[in-house]
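Read through the structure below, which is laid out as structure tokens, and then see the notes.
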Amino acid sequence: MSSTVSAKGNADEGRVLRVGVVGAGVMGTNHARVLAGLPGVELVGIVDPLPAHRTRAVEIVGCPTFATLEEMLEAGPDAVTIAAPTHLHRDVSLACIAKKIHVLVEKPIASSVEEGNEIVSAARAAGVTLMVGHVERFNPAVAAIKQAIKDEEILSIAITRVGPFPPRMSNVGVVIDLAVHDIDLIRWFTESDIVDVQPQLASAVAEREDIALLQFRTASGVLAHINTNWLTPFKARSVTVATRGKYIQGDLLTRQVTECFGFQRDGSYSMRHLSVGHDEPLRAELVAFLDAVRSGNAPAVTGDEGVASLEIAIKCLDAPAGSIAAPLRKGPRAVAS
Ligand SMILES: NC(=O)c1ccc[n+]([C@@H]2O[C@H](COP(=O)([O-])OP(=O)(O)OC[C@H]3O[C@@H](n4cnc5c(N)ncnc54)[C@H](O)[C@@H]3O)[C@@H](O)[C@H]2O)c1
């Protein structure tokens with residue numbers, strides 16, 4: 001790490017940052033692609049134990065690659081982004097933090113709350129920036145919704161995040177893989193903690209839960225609902241927020257956001273499309289991380305927030321057995337012969 005960087009940010013805010021990426025899978029290759037195009041960034045390279053993934057990263061990004069984390073750390077990055085499998089987040093984060101390297105770790109922050117808290121404590125003790133990759137906050141449609149509900153009294157939130165089975169099944173189900181995005185959004189929209197969790201889960205086809213209907217209540221009294229599954233043949237992502245004065249609907253894929261307002265006694269109301277930006281969410285996330293590294297200010301998504309969202313997701317999975325659909329109707333999906 002360069003000696004001109006203090007552990008708590010950097011006096012020279014315009015300085016080029018040397019950034020490495022851990023994991024050359026789907027997300028890590030995207031991180032590297034975006035970082036390679038950012039001004040003020042020198043992409044140190046991407047580390048992955050699999051030669052085929054390193055070759056693919058070279059073809060897509062054209063950056064140096066390393067077979068081990070140690071080799072990459074020897075190249076002296078100021079910051080790393082970690083997109084290795086979730087069960088490695090703790091060990092990789094701690095190894096980087098021990099060298100006073102700033103860390104952006106993909107969501108979920110870790111496999112358990114205890115591991116997440118270890119990362120948070122280590123980063124705090126070392127005085128390095130730790131941000132969690134809850135990239136949906138940087139979706140311009142989500143940002144437009146957040147802006148529209150500013151100063152509004154939120155009453156309820158409903159989020160749908162459904163789609164087909166992922167091509168490669170990891171060892172987590174829809175709650176940890178998908179719903180954790182929306183748990184983070186509910187906490188961020190309401191600026192409140194989730195205090196009550198009522199999950200309904202089922203594993204219809206996969207080993208882990210592949211359908212989840214999750215209900216929440218926040219400390220501020222907002223009711224929220226997440227509908228997520230891997231049984232829908234197409235991707236859909238939508239958010240609706242009811243406030244005392246507005247009803248806002250956002251499609252996170254088409255990025256169309258509308259708001260109903262001006263409710264009249266006769267049931268009529270006004271409606272308008274909100275202006276939504278065009279930023280690539282991952283680019284905006286990485287820029288926010290690097291800004292936090294340079295300024296030493298708190299990052300847009302703190303480690304504590306990452307742990308809080310993971311804790312709620314795990315609570316959904318730890319719910320009493322009565323809320324898990326039984327008997328599990330496991331079996332292959334019907335397909336045309
Ligand atoms: N923010 C999002 O929207 C989003 C989307 C997908 C995945 N993710 C997260 O990103 C992480 C990676 O997911 P993915 O879909 O890219 O998985 P992936 O399986 O495509 O990629 C993981 C990569 O890490 C590599 N790897 C394994 N051990 C390693 C090690 N010791 N050091 C370095 N690399 C190692 C693997 O070889 C693989 O190339 C997960 O934590 C996941 O939850 C986030």
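All of the numbers you see were taken from the coordinates with simple rules; none came from a lab. The structure displayed is predicted, hence computed values, not measured ones. Every residue, glycine as well, gets a Cβ built from its backbone with ideal geometry; the counts of neighbours run over all protein chains shown.
Between L88, L286, L213, the GNM of the chain built on Cα springs shorter than 10 angstrom shows L88 fluctuating the most.
Relative to the longest principal axis of the Cα atoms of the chain, the long axis of helix 89-98 lies at roughly 40 degrees. DSSP assigns beta bridges within the chain; of those with both partners inside it, close to 60 percent run antiparallel. As a test of the formula, what do you get for the chain when each DSSP H run with n ≥ 4 contributes -39,500 (n - 2.57) and the sum is divided by the residue count, at 222 nm and rounded to the nearest 500 deg cm²/dmol? It lands at -9000 deg cm²/dmol.
The angle separating the long axis of helix 303-317 from the principal Cα axis of greatest extent in the chain is about 50 degrees. Segment 15-47 and segment 113-151 have Cα centres lying 19 Å from one another.
The trypsin sites (Lys or Arg not before Pro) of segment 91-168 that DSSP puts in a loop, and whose beta carbon has at most 10 other beta carbons within 10 Å, are K150, R168. Here the 3J(HN,Hα) profile of segment 226-232, calculated from phi with Karplus coefficients 6.51, -1.76 and 1.60 at θ = phi - 60°, is 10, 10, 9, 6, 10, 10, 9 Hz, Gly and Pro shown as x. A crude spin-label estimate for the pair D266 and V26, with each label 7 Å from Cα along the Cβ direction, gives 5.1 nm.
The GluC sites (Glu not before Pro) of segment 207-272 that DSSP puts in a loop, and whose beta carbon has at most 12 other beta carbons within 10 Å, are E207. Across segment 281-294, rounded Karplus estimates of 3J(HN,Hα) from the backbone phi angles (6.51 cos²θ - 1.76 cosθ + 1.60, θ = phi - 60°) give x, 5, 5, 4, 5, 5, 4, 5, 4, 5, 4, 5, 4, 5 Hz, Gly and Pro being marked x.
Please sort by residue number the chymotrypsin sites (Phe, Trp or Tyr not before Pro) in segment 184-217 whose DSSP state is loop and whose Cβ has at most 13 other Cβ atoms within 10 Å. All intermediate terms of the calculation are to be shown ahead of the outcome.
On the way: sites: W188, F189, F216; in loops: none.
In loop regions of segment 184-217 (DSSP not H, G, I, E or B), there are no sparsely surrounded chymotrypsin sites (Phe, Trp or Tyr not before Pro).
Counting only other residues whose beta carbon sits under 10 Å from that of A24, what net charge do I get with K and R as +1, D and E as -1? Could the numbers behind the result be given before it?
Details: positive: R54, R56; negative: D48.
Net of charged neighbours comes to +1.
Ranking V44, L252, A336 by Cα position along the charge dipole of the chain, where only Lys, Arg, Asp and Glu carry charges on their C-beta atoms, puts A336 farthest toward the positive end. Just name one of A123, S112, T228: the one whose Cα is farthest towards the positive end of the charge dipole of the chain (beta-carbon charges, Lys/Arg +1, Asp/Glu -1). Of the listed residues, the answer is T228.
Using the structure shown, list the pairs from K107/K235; K107/K146; K100/K150 with a Cα-Cα distance above 29 Å, or answer none. With Cα atoms farther than 29 Å apart: K100/K150. Principal-axis analysis of the Cα atoms of the chain puts helix 26-36 at an angle of about 60° to the longest axis.
An oblate overall shape is assigned to segment 193-267, the ratio a/c of its alpha-carbon gyration tensor axes (a ≥ b ≥ c) being 1.5 or greater and a/b not exceeding b/c.
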